[in-house]
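Report on the structure given below.
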């Protein structure tokens, strides 16, 4: 597909928004896996969400076109960007806000019971509670 | 004593068995060990196992994340160039929305016309997602039950050490000027959703942030006196029902809701675009109340 490395780098540089969104997704995913702190896991999940939004909105962008708000009666399709991904991102943002709120309230409840945000400590305390 | 896999599976299905915990046999053996006085030795072995599995976990995590990001980056090579008008995402649906959207929905803002007219049921679902989130947070964070036991109001769940903004002169003075402007800006974004960038979700979030600022600076009690739990419940339920009923007319007109009896008006006027403006207001109210309830529940465990 690519005849040289130069082509490959040019392609990656052209798609830099997608690359950035993948890196954001990876950063969030790594945070989710690595940190044992529940709050940091929530932060990681939100960074992952941000990567997804960036990818989605960038898919709707077309070079040199305007935001899809009909101005001066111009309804020519070649004048505006794709409005569909913007609407989809709206859905994603709402869902992520709701999920974050529910996760945070669960974390508050866990902290009130176990006085710790560390997942390992919570697991250990829970095991002890159930089996002793 | 040892259960077969199928027995464990059926127990797990019934909810009496947890695969993430160590098996019951293992726990029995461990307790027997503890009773025979080998506790210390066992702990040592367990600790070593834990450290080893932790190191292994980290190494596997690094490997997995690198491979994951690598595969995703590799997939970028097969994507079409960014921003090209020939991309597969730019299809006839988009052309239809842009070309006929203003005429059919009356909204100058194509995104608003799309999410509140062509795909209004999607937005109704979003509003219900927010409503469900509020319900879940209410169930988890509500602490009004304890106060009913002896009639005395329980202390707030706020832990000592949280900054009291109401005692700060600078914050008080600045927000006295700021809050009206935030309200006006929120109302502007909300009411101009079909004409300019904005709409129910963004405008509602701005209004909600103004309410939160008011509650922070002037004290939750004063905010709760105006925006009581009852008021918020009523307003949210009325908005959601209005949205559901208003968009249900497309069911009764044979799902051909684009030719509705409600006039789309002159595109560009504030009173145009048919149902989009009322629906925007309904969504904005739901979002605003949701943000405010989230803040109040996390701050003090109840709205009142």
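The values are calculated or read from the model by the stated rules, or taken from the named source; none is laboratory data. Note that the structure is predicted; figures quoted are calculated from it, not measured. Quick reminder, even Gly has a Cβ in these numbers, built from the backbone with ideal geometry, and neighbours come from all protein chains shown.
With the condition kept exactly as written, say whether any residue in region A:12-19 is touching a residue at least 12 places away in the same chain (Cβ under 8 Å), buried (at least 17 other Cβ atoms within 10 Å of the Cβ) and closer than 30 Å to residue B:297 by Cβ. Give the steps one after another, and end with the answer.
Kept after step one, since they are touching a residue at least 12 places away in the same chain (Cβ under 8 Å), are these residues of region A:12-19: A:17-18.
After this cut, where a residue has to be buried (at least 17 other Cβ atoms within 10 Å of the Cβ) as well, the list is A:18.
Filter again for closer than 30 Å to residue B:297 by Cβ, leaving none.
For region A:12-19, residues touching a residue at least 12 places away in the same chain (Cβ under 8 Å), buried (at least 17 other Cβ atoms within 10 Å of the Cβ) and closer than 30 Å to residue B:297 by Cβ: absent.
I'd like to check something: does region A:36-51 contain any residue that is within 11 Å of chain B (Cβ to nearest Cβ), surrounded by fewer than 17 Cβ atoms within 10 Å (Cβ to Cβ) and in contact with a helix residue (DSSP H, G or I) (Cβ under 6 Å, 6 or more places away or on another chain)?
Looking only at region A:36-51, we keep the residues that are within 11 Å of chain B (Cβ to nearest Cβ), and these are A:36, A:51.
Within this subset, residues satisfying the condition of being surrounded by fewer than 17 Cβ atoms within 10 Å (Cβ to Cβ) are A:36.
Applying the additional criterion that residues be in contact with a helix residue (DSSP H, G or I) (Cβ under 6 Å, 6 or more places away or on another chain) yields A:36.
Yes, some residue in region A:36-51 is within 11 Å of chain B (Cβ to nearest Cβ), surrounded by fewer than 17 Cβ atoms within 10 Å (Cβ to Cβ) and in contact with a helix residue (DSSP H, G or I) (Cβ under 6 Å, 6 or more places away or on another chain).
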TODO: Give the number of residues within region A:68-84 that are within 7 Å of chain B (Cβ to nearest Cβ) and either modelled with pLDDT of 85 or more or not in a helix (DSSP H, G or I) (or both).
DONE: 8
TODO: Please verify whether region B:262-276 includes one or more residues that are at pLDDT below 90 and part of a helix (DSSP H, G or I).
DONE: yes
Task: Yes/no for residue A:89 being more than 8 Å from chain B (Cβ to nearest Cβ) and touching a residue at least 24 places away in the same chain (Cβ under 8 Å) - done: yes
Open item on the list: With the requirement that a residue be surrounded by 12 or more Cβ atoms within 10 Å (Cβ to Cβ) and either modelled with pLDDT of 80 or more or more than 9 Å from every other protein chain (Cβ to nearest Cβ) (or both), what does region B:83-94 give you?
Closed with: B:93, B:94
Open item on the list: Suppose we filter region B:184-203 for residues that are within 10 Å of another protein chain (Cβ to nearest Cβ), closer than 17 Å to residue B:271 by Cβ and surrounded by fewer than 16 Cβ atoms within 10 Å (Cβ to Cβ); how many remain?
Closed with: 1
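Just checking, does region A:6-14 include any residue being modelled with pLDDT of 90 or more and part of a helix (DSSP H, G or I)?
In the first step, residues of region A:6-14 are kept if they are modelled with pLDDT of 90 or more; the result is none.
Within region A:6-14 (the criterion being modelled with pLDDT of 90 or more and part of a helix (DSSP H, G or I)), the answer is no, since none of the residues qualifies.
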- [ ] List the number of the failed condition for residue B:72; all other conditions in (1) within 7 Å of chain A (Cβ to nearest Cβ); (2) part of a loop (DSSP other than H, G, I, E, B) hold.
- [x] (2)
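Output yes when any residue across region A:2-9 is more than 8 Å from every other protein chain (Cβ to nearest Cβ) and touching a residue at least 24 places away in the same chain (Cβ under 8 Å), and no when none is. Let's see the steps before the verdict.
Pass one, region A:2-9, residues more than 8 Å from every other protein chain (Cβ to nearest Cβ): A:3-7, A:9.
Subset that is touching a residue at least 24 places away in the same chain (Cβ under 8 Å): none.
No.
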